[in-house]
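In what follows, a structure is listed as structure tokens, so that the remarks can point back to it.
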Amino acid sequence: MKKVFILVLKSLFNPITLITIFAPILVLKINYFKLRDDLTNTFYSENFLELKELVTNNKWADALVDINIQYVVLLVAFIFAILESVVGIITILRNYKVDDIIKKWSEDTKALLYLVISVIFILGGVIVFLTGGLVSPEQIELFKLNSASPLFTFLGTHPPPFSSHIFIARVVIVIYAGYLTYFLKNTLPQVLNEQNI
């Protein structure tokens, strides 16, 4: 039970998970919140009337800000996931002979599963980003409807639409981050020790 708890904590504090879950609020939306707060000031609201209307009442503006923030967070989390995978592989290659690793890993189911999942994740992610399937008029409309009637609000922010492609992709990245943490911290050392590479 203690090992499971430690693994869950490691997964939660994995940079990929932290970026995916908390970056939209803690980093990217802070300026937007500050701007909305400034526009409640009489001086700004009188001198920047159109800006106030755009930032505080325009659901399209909120939807576009939201989808852009979600997209940037997804892209950064994806890059971190690739980097973490590559760093783990480089660490192994520095300590062991490449020929031995290829031979031993080809005989280990857990190692092969990791390689297959990682290749599918990375190639799939690159294809999704390059084809632009995450942002379409339908997806933007979904964010607009969500901005107009969010499920709940917390400290001035609200969750993205749970059926949006970007949210689903973020969930996939969080799951992969947990799997990556488990593999690099638990499975990989066992595989290397058992096979005496």
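The values are calculated or read from the model by the stated rules, or taken from the named source; none is laboratory data. Since the structure is predicted, the reported quantities are computational estimates derived from the model, not experimental observations. Every residue, glycine as well, gets a Cβ built from its backbone with ideal geometry; the counts of neighbours run over all protein chains shown. Side chains are part of the model used for accessible areas, which takes the heavy atoms of the whole protein and leaves out ligands, DNA and RNA. Shrake-Rupley method; radii C 1.70, N 1.55, O 1.52, S 1.80 Å.
Name the one entry in Ile16, Ile79 that is open to solvent by 60 Å² or more (accessible area, probe 1.4 Å) and at pLDDT 75 or above. So that I can check it myself, show each step before the final result.
Values: Ile16 fails: open to solvent by 60 Å² or more (accessible area, probe 1.4 Å).
Selected residue: Ile79, the only one of Ile16, Ile79 that is open to solvent by 60 Å² or more (accessible area, probe 1.4 Å) and at pLDDT 75 or above.
Among the residues of the stretch 124-138, write down those that are assigned to a helix (DSSP H, G or I), over 18 Å from the mean Cα position of the chain (by Cα) and either surrounded by 15 or more Cβ atoms within 10 Å (Cβ to Cβ) or not charged (D, E, K, R) (or both). Spell out how you get there, then give the answer.
Taking the stretch 124-138 as the starting set, the residues that turn out to be assigned to a helix (DSSP H, G or I) are 124-131, 137-138.
Filter once more, keeping what is over 18 Å from the mean Cα position of the chain (by Cα): 131, 137-138.
Within the stretch 124-138, Thr131, Pro137 meet the criteria.
Check Val98 against each of (1) modelled with pLDDT under 85; (2) open to solvent by 80 Å² or more (accessible area, probe 1.4 Å) and name the one condition it does not meet.
(2)
For (1) open to solvent by less than 20 Å² (accessible area, probe 1.4 Å); (2) in a helix (DSSP H, G or I); (3) modelled with pLDDT of 75 or more, each residue gets a yes or a no:
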| residue | (1), (2), (3) |
| --- | --- |
| Lys10 | no, yes, no |
| Glu50 | no, yes, yes |
| Leu75 | no, yes, yes |
| Ser85 | yes, yes, yes |
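Just to be sure I understand, how many residues within the stretch 52-72 are at pLDDT 80 or above and among the β-branched types (Val, Ile, Thr)?
4
Within the stretch 181-197, can one find any residue that is at pLDDT below 80 and in contact with an Asp or Glu (Cβ under 6 Å, 6 or more places away or on another chain)?
Scanning the stretch 181-197 turns up at least one residue that is at pLDDT below 80 and in contact with an Asp or Glu (Cβ under 6 Å, 6 or more places away or on another chain).
When residues of the stretch 150-167 are filtered for being surrounded by fewer than 13 Cβ atoms within 10 Å (Cβ to Cβ) and at pLDDT 80 or above, how many remain? Give the derivation first.
Applying the first criterion (surrounded by fewer than 13 Cβ atoms within 10 Å (Cβ to Cβ)) to the stretch 150-167 yields 151-156, 162-163.
Still in the list and also at pLDDT 80 or above: 162-163.
Selection size over the stretch 150-167: 2.
Can you name the number of the only condition in (1) at pLDDT below 90; (2) in contact with a helix residue (DSSP H, G or I) (Cβ under 7 Å, 6 or more places away or on another chain); (3) buried (at least 20 other Cβ atoms within 10 Å of the Cβ); (4) within 15 Å of Ile69 (Cβ to Cβ) that Ala177 fails?
For Ala177, the failing item is (4).
Can you tell me which residue within the stretch 52-65, out of those that are of a type in the set (D, E, K, R) and in contact (Cβ under 8 Å) with a residue 24 or more places away in the chain, is most open to solvent (accessible area, probe 1.4 Å)? If you could, list the steps in order and put the result at the bottom.
So the first thing to find is which residues in the stretch 52-65 are of a type in the set (D, E, K, R), and the list is 52-53, 59, 62.
When the remaining residues are screened for being in contact (Cβ under 8 Å) with a residue 24 or more places away in the chain, the result is 59, 62.
On the way: Lys59: 83, Asp62: 16 Å².
Across the stretch 52-65, the extreme among qualifying residues is Lys59.
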